[in-house]
1. Which pairs have Cβ atoms under 8 Å, sit 6 or more apart or on different chains, and link a residue in the stretch 193-216 that is on the phi > 0 side of the Ramachandran plot to one that is part of a helix (DSSP H, G or I)?
2. Every residue in the stretch 17-39 that is farther than 19 Å from residue 330 by Cβ and in a helix (DSSP H, G or I), please.
3. Could you list, in sequence order, all residues of the stretch 347-365 that are at pLDDT 90 or above and either within 24 Å of residue 42 (Cα to Cα) or surrounded by fewer than 16 Cβ atoms within 10 Å (Cβ to Cβ) (or both)?
4. Right, residue 405: crowded, with 19+ Cβ neighbours inside 10 Å and out of contact with any strand residue (DSSP E or B) (no Cβ under 9 Å at 6 or more places or on another chain) or not?
5. Starting from residues that are under 34 Å from the mean Cα position of the chain (by Cα), at pLDDT below 90 and exposed (fewer than 12 other Cβ atoms within 10 Å of the Cβ), keep the ones in the stretch 219-240 and report whichever is nearest to residue 191 (Cα to Cα).
6. May I ask you to list the residues in the stretch 109-119 that are surrounded by fewer than 18 Cβ atoms within 10 Å (Cβ to Cβ), assigned to a helix (DSSP H, G or I) and in contact (Cβ under 8 Å) with a residue 40 or more places away in the chain?
7. Scanning for something modelled with pLDDT of 90 or more, buried (at least 21 other Cβ atoms within 10 Å of the Cβ), under 30 Å from residue 290 (Cα atoms) and within 24 Å of the chain's Cα centre (by Cα), does the stretch 60-81 turn up at least one residue?
8. If you scan the stretch 303-326, which residues turn out to be over 23 Å from residue 186 (Cβ atoms) and out of contact with any helix residue (DSSP H, G or I) (no Cβ under 6 Å at 6 or more places or on another chain)?
């Protein structure tokens, strides 16, 4: 009964958020807040330390707002609206993951990515993870981690260097996912900031982000090569042949990707809303269509299988996402509530946005976001806070697209460096390695080098200003 209540509440929050956003009716927004409260209350017993910590910060901020803010009710509505939006967004994106993870074509693409010969393996995993995350989002970590571990053992049974191979491949997956968010059309980071900061050129962001992610890829490859160049395995048999390119599977994956973008763009134009809204509406449509295709088309048998699968997703799979949903809800609330308590113009002047060179200010933002991630504050909290603060300013002294790009770069760096971010926690559960090993031990050097890389990048993007 509890699990069903959680499922209905999670389904309800997606529906009410979409209706409230489209119809601008406070009643539906209030219903989404009610669903959010039920999700939190029902899930309390299963939450970990991180979720309870974030809930504690949210409660402290709520009390502070009640005591010192001149209009606490309005502030609560703004913060809760952000919370409900982020929960609905991650639930709807989860529909894509559920459809993709049962797709034979996606499985073929994943196996091809993880079975490349050593010379191409890092770049294949880095690029493959970033590309697959467009449809899988965080689910790509759960998909590729066991494939990597099984592939290492199958290719080199009993080899003493297998732990090193696993480290190199899992690190490539982490890095590819982290830096994929700065260009991916469906990543949470840019879509959150698009809603908070007006004037962002999304196409410019995607192009610049992809170029920066490519530079980070070559930095990661070089770091991996230099760290392990002296390790050589004593091969006792012939090297296995490289996997055959699954052309059909890749074409089907590309078709799903472009169909998703077409749906999201068309819906956003029809609804006269942003692509964020279009993507949220497109996800359940993609789920139904993709499952029908997987089950053989529009026949009674196929439709029956599709209905049963959707029921399984809603009532069995979706409740399992409650801890991540609550983490995002708290991140949205904390970021919005904290920005309401801080006078934006005074803070901007205090941190020197008008006196520092633009490239220097943009390069320092990722350092601040990474530092906050080590204090158990998710990069999402920092992104929502900064997006809300910059978005509230009447005049931005820096191009909004560059500000958003800088924030998302900070998000990317934090995901490779901090043991407390979601991607590291998900991989820790899937792989059996602890978060400190996956982040600090394996990837901190890479994170530090990418932070240094951002200084010349933003110098170039700002024309040296």
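The values are calculated or read from the model by the stated rules, or taken from the named source; none is laboratory data. Predicted model only: the values in this text are computed from it and were never measured. Backbone-built Cβ (ideal geometry, glycine too); neighbour counts: all protein chains shown.
1. Matching pairs, first to second residue: 199/400; 199/401.
2. Quick first cut of the stretch 17-39, residues farther than 19 Å from residue 330 by Cβ only: 18-28, 30-31.
Once the filter is applied, which keeps residues that are farther than 19 Å from residue 330 by Cβ and in a helix (DSSP H, G or I), the stretch 17-39 yields 18, 19, 20, 21, 22, 23, 26, 27, 28, 30, 31.
3. 357, 360 - these are the residues of the stretch 347-365 that are at pLDDT 90 or above and either within 24 Å of residue 42 (Cα to Cα) or surrounded by fewer than 16 Cβ atoms within 10 Å (Cβ to Cβ) (or both).
4. Working: crowded, with 19+ Cβ neighbours inside 10 Å: yes; out of contact with any strand residue (DSSP E or B) (no Cβ under 9 Å at 6 or more places or on another chain): yes.
Taking the combined requirement at face value, the residue satisfies it.
5. Selected residue: 229.
6. 111
7. Checked the stretch 60-81: no residue is modelled with pLDDT of 90 or more, buried (at least 21 other Cβ atoms within 10 Å of the Cβ), under 30 Å from residue 290 (Cα atoms) and within 24 Å of the chain's Cα centre (by Cα).
8. 303, 304, 305, 307, 308, 311, 312, 316
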